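Below you'll find the structure, written out as structure tokens, and then a few comments.
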Amino acid sequence: MRETLIKQRYRLGTKGWFYAGRYGIERYLYIFHRISGLGIILYLSLHIILTSTRIFGQGIWVASMEMVDKPIFKFGEYLVVAAFIYHALNGLRLFFIELSFFIGKPSRQDYPYTTSVKRQRPFVYLTMIALLCLLVIMSVDFYFI
Amino acid sequence: MPLLTFKIQRFDPEKDKEPYMQEFTFEVEKGLTILDCLNYIKENLDATLSYRASCRMGICGSCAMLINDYPRLACETQVLVLGKTLIEIKPLPNYPLVKDLIVDLTPLFAKHRAVKPYVIHPDERQPEKEFIQTNQEQTKYLQFAYCLKCGICLAACPTVATADNFLGPQALAQAYRYNSDTRDNGLKDREKIIDSSYGLWRCHMAGACAEACPKGVDPALAIQLMKKETILGKKKNIAPLALPLVGVEPRPGIPKAPERTVK
């Protein structure tokens with residue numbers, strides 16, 4: 001057999017997460033789930049570092065609080081809450097699907113084929129509607145109350 | 001007849017440093033598949049074009065490629081059904097590239113082999129009679145038995161894009177296919193391989209494998225069902241062996257079967 005000259009070069013890498021080609025919505029939800037998860041972890045570590053400044057005394061604590069009291073950090077906080085809501089709701093969806101709810105059972109396949117992905121899609125839409133409602137409530141609470 | 005342009009990725013490891021795109025424009029008629037068009041190019045326009053194809057009817061799984069940003073079998077894709085005048089053809093992603101549209105499917109077969117994709121008998125002896133399996137029992141795995149090993153699901157999977165060690169939808173679906181077979185008793189053997197961080201639990205239901213599969217195998221379904229079975233435990237009946245026929249008289253005129261030649 002001819003030796004494969006290009007090893008691993010054609011693997012998509014993280015580009016493969018973002019550019020998903022023309023697949024269904026679930027593949028994009030998967031990508032957002034990863035990004036929102038990473039965002040929440042990043043926020044958690046920043047949050048722990050920032051709040052730990054309290055041990056160095058009142059003055060440093062007040063100074064660090066003033067540092068983050070800017071619109072850009074407020075917007076960042078908004079994104080964290082949005083990511084948290086998305087991650088929680090989509091995680092709940094995945095929890096049910098991984099326990100085999102809404103995906104159907106194996107069956108004899110006739111063309112045109114039906115898939116588990118299509119069968120669970122109404123559940124995806126329901127999750128997205130819930131997400132939208134919670135995002136609206138959160139935005140109102142965040143900026144207007 | 002409509003005039004179509006085919007933009008095809010070319011790469012010859014002996015000449016080229018990087019893959020590049022080459023265009024071919026010609027008239028096509030209704031009913032032609034992508035594979036027919038590739039054959040036309042090879043026979044009339046550029047004989048150096050390399051691609052893998054065999055049965056030309058969606059049985060062998062050789063001609064899987066990325067057609068207009070979606071992995072498909074070239075032999076099952078009607079060129080006019082795509083509805084575009086520009087058709088871009090690339091090799092399947094997530095595999096090492098060999099030449100032009102040919103990728104090295106060795107990772108796919110290695111993963112497939114890793115899950116022991118064969119019936120492991122309940123005891124070490126070879127069965128003397130056939131297993132009795134009902135239609136309902138067969139339906140539990142039949143869908144997954146249609147896998148062609150074309151490699152499309154691994155090309156579609158976003159996890160495979162970054163995790164080489166992930167077993168992937170094809171191998172996991174085959175693990176479920178044999179685990180669900182009542183003739184098989186290899187559940188414990190396979191569990192060690194699939195119930196691992198690079199096995200079952202690396203799948204996060206992106207669903208692309210199920211959507212792209214040209215045979216409706218639905219690996220995503222198999223993987224989710226297997227997750228549930230791994231969490232909650234699986235109860236499985238082993239198919240009984242057929243009883244020897246007693247008191248059956250052959251119809252008159254039917255000759256007696258010859259003696260067994262293999263003991």
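At pLDDT below 95 and either more than 14 Å from chain A (Cβ to nearest Cβ) or buried (at least 19 other Cβ atoms within 10 Å of the Cβ) (or both), is that true of B:ARG56? It is true that B:ARG56 is at pLDDT below 95 and either more than 14 Å from chain A (Cβ to nearest Cβ) or buried (at least 19 other Cβ atoms within 10 Å of the Cβ) (or both). Just checking, does segment B:188-203 include any residue being of a type outside the set (D, E, K, R), under 22 Å from A:ARG119 (Cβ atoms) and buried (at least 18 other Cβ atoms within 10 Å of the Cβ)? Yes: one or more hits.
Considering segment B:88-119, and only residues there that are surrounded by fewer than 16 Cβ atoms within 10 Å (Cβ to Cβ) and either in contact with a Lys or Arg (Cβ under 8 Å, 6 or more places away or on another chain) or in a loop (DSSP other than H, G, I, E, B) (or both), the residue that is nearest to the other protein chains (Cβ to nearest Cβ) turns out to be B:PHE109. Residues that are in a loop (DSSP other than H, G, I, E, B) and surrounded by 16 or more Cβ atoms within 10 Å (Cβ to Cβ) do not occur anywhere in segment A:71-89. Beta carbons closer than 7 Å, at least 6 apart along the sequence or on distinct chains, pair a first residue in segment B:214-231 that is touching a residue at least 24 places away in the same chain (Cβ under 8 Å) and among the basic types (Lys, Arg) with a second that is assigned to a helix (DSSP H, G or I) and crowded, with 20+ Cβ neighbours inside 10 Å for B:LYS227/A:GLU98; B:LYS227/B:LEU200. Checking each residue in segment B:140-185 for being modelled with pLDDT of 95 or more, within 23 Å of B:GLU124 (Cα to Cα) and away from every other protein chain (no Cβ under 13 Å) picks out B:GLN174, B:ALA175, B:TYR178. Scanning segment A:11-38 for residues that are over 20 Å from B:CYS213 (Cβ atoms), among the aromatic types (Phe, Trp, Tyr) and more than 7 Å from chain B (Cβ to nearest Cβ) yields A:PHE18, A:TYR19, A:PHE32.
For B:ILE231, the conditions (1) crowded, with 20+ Cβ neighbours inside 10 Å; (2) under 29 Å from A:HIS87 (Cβ atoms) are fulfilled apart from (1). Checked against (1) outside any helix (DSSP H, G or I); (2) closer than 15 Å to B:ILE8 by Cβ, B:ASN44 passes all but condition (1). Of the helices (runs of 4 or more DSSP H) contained entirely in segment B:186-263, those carrying at least 2 residues that are over 17 Å from A:LYS105 (Cβ atoms) and more than 12 Å from chain A (Cβ to nearest Cβ) fall at B:187-194. Checked against (1) touching a Cys at 6+ places or on another chain (Cβ under 9 Å); (2) in contact (Cβ under 8 Å) with a residue 24 or more places away in the chain; (3) surrounded by fewer than 17 Cβ atoms within 10 Å (Cβ to Cβ); (4) of a type outside the set (S, T, N, Q), B:VAL28 passes all but condition (3). One residue stands out among those in segment B:65-83 that are away from chain A (no Cβ under 12 Å) and of a type outside the set (Gly, Ala, Ser): the one that is nearest to B:ASN39 (Cα to Cα), which is B:CYS75.
The values are calculated or read from the model by the stated rules, or taken from the named source; none is laboratory data. Keep in mind that this is a model prediction, so the values were computed, not measured. Don't worry about glycine lacking a Cβ; one is built from the backbone with ideal geometry, like all the others, and counts go over all protein chains shown.
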